[in-house]
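Encoded as structure tokens, the structure appears first; notes follow it.
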Ligand SMILES: Nc1ncnc2c1ncn2[C@@H]1O[C@H](COP(=O)(O)OP(=O)(O)OP(=O)(O)O)[C@@H](O)[C@H]1O
């Protein structure tokens, strides 16, 4: 049984998390501060520590130093994304923004404990994968993916700005990380910001920082995420969602290498390489007046186009085999293979959620598989959702149905019967991505929903 320590000074949250985790079969201890936790327990004996950042006494991040080797998850309020980034730099495994829902927290904990258990094994696996696939575990032999790999290798060591285009789940973040890993900046941080996830009112101060008194509530000066990436790489995901005012500021960074905090008259120099990504047609956003053309041209110094999985031919089978092997090793299962019918299903399905959806389907199959063969039923691809027979998939008969419309329709039709986790899985996206899209497309969660 895994043993978890929860450090949280707000008693309502502490009790709720304690109850939730105990119900899920974990052994849980709680404390209101790092000092209290140290007095009562041997911090190093826990399998995982979940802590708030702001606590009476020393900040929660201090447990990273006081319990070396124990994975630490940080709970933080939304407004302090920056402190979460800092904690990650100090060695926290991950963070979760409050308010979080129970499923989200449990998933994060399960994942972290799984990773902790695998520990060194994963390291070995990673180096195996690196040997097999020259661009950091990126699988793909079709001409379009080969071109992407060639360009990644060529452009990574330069400081050029890169724009990565592709549908959701096609591997944009993987490419951004590969670019960083193969660059001279690899020992400095890569800071990832999802522009769609930060409210419009906060994005400028989150990215560029602000001076004391720059706006109501700014009671102290703060550095932004761009400065946090100093010497490294800034990955701006979903850049198509960046509001106009922030676009103007970003342009200045690209043109002059200078950053001006909100509320400041002075600029300071920053040394950051920018990689941006979007699933949107940016050129069209420019034509619609939603995106600055000068910024667009600055961004696409090098453009990488990731094709949707349905256009990658036989790559889908190689990817499935690769992901199957990766997942079964991570889950400590003996060798498995796809049977011919599963290969057929994988080849004919349209994969609207792209590689992420394939990854989820295989993870589920590995977990449920009792023999050494993956059969189509384990993949749980609803034949009604296959490319050939489902008019509601974006790849199918109604090709004119955009991904957004497909998403909207799917969520509205299914949210009363499915939990957010199930919805996200079926759409082949993460829960975070589901949340972001609900915000973006204005689809609130239904009251009847599963969680
Ligand atoms: N070519 C590939 N080879 C191996 N794994 C891949 C490949 N492409 C994507 N993946 C895996 O698929 C998952 C989704 O990829 P990633 O998060 O990079 O997609 P994305 O385009 O950034 O998605 P989103 O737009 O939804 O954020 C990741 O786990 C990634 O490692």
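The values are calculated or read from the model by the stated rules, or taken from the named source; none is laboratory data. None of the values given here were measured: they were computed from a predicted structure. When we count neighbours, we look across all protein chains shown, and the Cβ atoms used for this are built from the backbone with ideal geometry, even at glycine.
Exactly one residue out of 301, 286 is in contact with a helix residue (DSSP H, G or I) (Cβ under 6 Å, 6 or more places away or on another chain) and more than 16 Å from the ligand (Cβ to nearest atom), and it is 286.
With the structure loaded, tell me whether residue 321 is within 15 Å of the ligand (Cβ to nearest atom), surrounded by fewer than 19 Cβ atoms within 10 Å (Cβ to Cβ) and either assigned by TED's automatic domain parsing to the domain that holds residue 175 or without any contact (Cβ under 8 Å) to a residue 24 or more places away in the chain (or both) or whether it fails that test. The answer is yes for residue 321.
Table: residues versus (1) loosely packed, with under 15 Cβ neighbours inside 10 Å; (2) at pLDDT 95 or above; (3) within 14 Å of the ligand (Cβ to nearest atom); (4) assigned to a helix (DSSP H, G or I).
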site	(1), (2), (3), (4)
126	yes, no, yes, yes
130	yes, no, yes, yes
138	no, no, yes, no
149	no, no, yes, yes
157	yes, no, no, no
160	yes, no, no, no
169	no, no, yes, no
174	no, no, yes, yes
180	no, no, yes, yes
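Scanning segment 336-354 for residues being out of contact with any helix residue (DSSP H, G or I) (no Cβ under 7 Å at 6 or more places or on another chain) and more than 29 Å from residue 407 (Cβ to Cβ) gives a total of 3. The set of residues from segment 324-344 being touching a strand residue (DSSP E or B) at 6+ places or on another chain (Cβ under 9 Å) and assigned to a helix (DSSP H, G or I) comprises 324, 342. Might you check whether a residue that is within 14 Å of the ligand (Cβ to nearest atom), modelled with pLDDT of 85 or more, out of contact with any strand residue (DSSP E or B) (no Cβ under 8 Å at 6 or more places or on another chain) and assigned to a helix (DSSP H, G or I) occurs anywhere in segment 198-207? No, segment 198-207 contains no residue that is within 14 Å of the ligand (Cβ to nearest atom), modelled with pLDDT of 85 or more, out of contact with any strand residue (DSSP E or B) (no Cβ under 8 Å at 6 or more places or on another chain) and assigned to a helix (DSSP H, G or I). Apart from one condition, residue 60 fits all of (1) in contact with a strand residue (DSSP E or B) (Cβ under 9 Å, 6 or more places away or on another chain); (2) touching a residue at least 12 places away in the same chain (Cβ under 8 Å); (3) exposed (fewer than 14 other Cβ atoms within 10 Å of the Cβ); the exception is (3).
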